[in-house]
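This report refers to the structure that appears directly beneath it.
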Amino acid sequence: MSEDLARTVSLAHLTLISVPPVALVRVAAEAGFDAVGLRLVPTSHGIDHKLLGYPSAMRGLRQQVADSGITVLDVEVVRVREPERMADPAPLIDAAAELGARWIITTVEDPDERRRADTFGALCAQAAARGVGISLEYMVFSEVRSLNAAVRLLDEVGAPNAALLVDALHHERSGGTPGEVARISPRLLPYVQVCDAGEAGAQLDPGLARAEAVTARLLPGDGRLPLEELVRAMPTSAALSVEAPLASPDAMGDPLATARRARASAAALVDQQAVVR
C-alpha cells in the first residue's frame, strides 16, 4: 500500500480506456497506484482490447501484473440482462480468477425484478466457486438506479460474495447522499469509485447521466461533488478507485501524466479526510 495513503488506491480503466491493459498496469504502477481496474469486456462505444478468448494476451497481462507489484482490484463488466441477451459470464469470471481480481463489476439491465434476482444470484454463485466477489454498481441509466434499490437486490439474493459498488457520480445523480452510505453495513462497502463533476445534484434523465458518466467527469477536487463526506461515510478499510474519464481532449495525450494527476487527486482527498477525522 502507498506509504502516504491509508487506503488502497486503484486506477480504474475508464480513466484511460484507450490504453491497453498491459500498458495500463505499467502506467498505474509507475504513477504510484496500489491496484488497477481492468475493462476486459468491450465498452458500449466499441473499445475492445481483445483479452477474453486470447490466451497468449491473458498470459502477458498476468505476467505484467505479477511484475508490477500491484494488484487487480476489479474487472468489468457483467451485464445482467434478459436470458436471450445476456453474455456468458464464465470467460470474465475465469479471467478475474486468473488475474487475482477481487471483484467483478456488475450492472443490471433486466427490468424483470424476479428474473434479475435469479440471474444475479446464479452469477454470484458462479463467481464464488472461483473465489471472486461480485460488486453491484447502481446507475440511473440501469435497472438498479439507486443505493436503496441495490441494497434490496443484495438482501433478496443473500450472496456472501456480493457487495455494493458506490460510484460518487452515479450516487449523486441518483439523488443519494453520503449520509445514506454511512448507514449501510460496512461488509457491503469494500470500495468506492471517485471522480468529480462541475455541478452537484440529481440528474434523472438517463441519457444525460450516461453521457456525463462516459465522457465528462473531472478528477477528484476539480468539481463540486461532496467527495470528502462520501469517503468519510465509507469504512476506513474501503479502497478508492479513481474513475474519471476526462472531458479534456488531450487527456489521453500522456497517460502517465494523467495517471499521476489521478493519483495526486486521490492523495489530496484522503489527506482532507484525515484532517476532518
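Nothing in this text is a laboratory measurement; each read-out follows from the coordinates by a stated rule. Predicted model, so just to flag it, every value in this text is computed and none were measured. Please note: Cβ atoms are built from the backbone with ideal geometry, for glycine as well, and neighbour counts cover all protein chains shown.
Annotations
- For segment 21-26, backbone phi angles converted through the Karplus equation (6.51, -1.76, 1.60; θ = phi - 60°) give residue-by-residue couplings of x, 4, 5, 4, 4, 5 Hz, Gly and Pro being listed as x.
- The trypsin sites (Lys or Arg not before Pro) of segment 15-121 that meet both conditions, a loop assignment by DSSP and at most 14 other Cβ atoms within 10 Å of the site Cβ, are LYS50, ARG85.
- The chain: relative contact order in percent, alpha carbon pairs under 8 Å with at least 6 residues between: 19 percent
- Altogether, the Stokes-Einstein calculation at 4 °C and 1.567 mPa s, with the Kirkwood radius of segment 79-234 over Cα pairs as Rh, returns a diffusion coefficient of 81 µm²/s.
- Sum of -39500 (n - 2.57) over DSSP H runs of 4+, divided by residues of the chain (222 nm, nearest 500): -12500 deg cm²/dmol
- Cβ-to-Cβ counts within 10 Å put THR177, THR215, THR258 in ascending order as THR215, THR177, THR258, the fewest first.
- Distance (nanometres) between label positions extended 7 Å along Cα→Cβ at ALA129 and TYR54: 2.8 nm
- Relative contact order, percent, segment 43-199 [alpha-carbon distance under 8 Å, six or more residues apart]: 17 percent
- Computed Rg/Rh of segment 41-164, alpha carbon atoms with Kirkwood Rh: 0.98
- Listed residues LEU246, GLY221, GLN193: farthest to the positive end of the dipole of segment 164-251 (Cβ charges): GLN193
- Cα gyration tensor shape for the chain, rounded if a/c is under 1.5, else prolate or oblate: rounded
- Size of charge dipole - the chain - debye, nearest 20, with Cβ of Lys, Arg +1 and Asp, Glu -1, no other charges: 360 debye
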